[in-house]
Amino acid sequence: MQPTALLASIALLAAAISAPVLAGDRDKRSDRQHASETRAADTGFDHRMKVVANDAAPDSPAYGWRYFTDPTDPRAVVISPQGDYYYSRGKGLRWIAAEQS
């Protein structure tokens, strides 16, 4: 694996794992400002990644899968219905993370 692809995979894995941690409400105090109040509704971890529409029927093998791509760079992320994350730099998908139980 090339060093650039390895670093990109590690960064994407870290972002995927840290999202649930950051989303949790650990402190119920009302004087804390929530992250959702400070962030715009259309922002995310990677601003260049765009959602790819998936109109698969419920009986189709592609049903429930979510696809994201970067139009400026040959890379993509695919999330399975079970929560597995796959990453591609244009040479096929590689599994990088699974949903934590």
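The values are calculated or read from the model by the stated rules, or taken from the named source; none is laboratory data. Given the structure is predicted, the values throughout are model-derived calculations rather than measurements. We place every Cβ from the backbone using ideal geometry, glycine too, and count neighbours over all the protein chains shown. Note: accessible area is taken over every heavy atom of the protein model, side chains too, but ligands, DNA and RNA are not part of it. Shrake-Rupley method; radii C 1.70, N 1.55, O 1.52, S 1.80 Å.
For this structure, a couple of remarks:
- Candidates Ala76, Ala19, filtered to the one that is among the aliphatic types (A, V, I, L, M), surrounded by 10 or more Cβ atoms within 10 Å (Cβ to Cβ), at pLDDT 90 or above and not in a loop (DSSP other than H, G, I, E, B): Ala76
- Restricting the first member to region 53-64 and to residues that are hydroxyl-bearing (Ser, Thr, Tyr), and the second to residues that are open to solvent by less than 50 Å² (accessible area, probe 1.4 Å), the beta-carbon pairs closer than 8 Å and six or more apart or on different chains are Tyr63/Ala56; Tyr63/Ala57.
- Counting only residues that are in a loop (DSSP other than H, G, I, E, B), within 27 Å of Arg89 (Cβ to Cβ), modelled with pLDDT of 50 or more and open to solvent by 100 Å² or more (accessible area, probe 1.4 Å), region 34-61 holds 5 of them.
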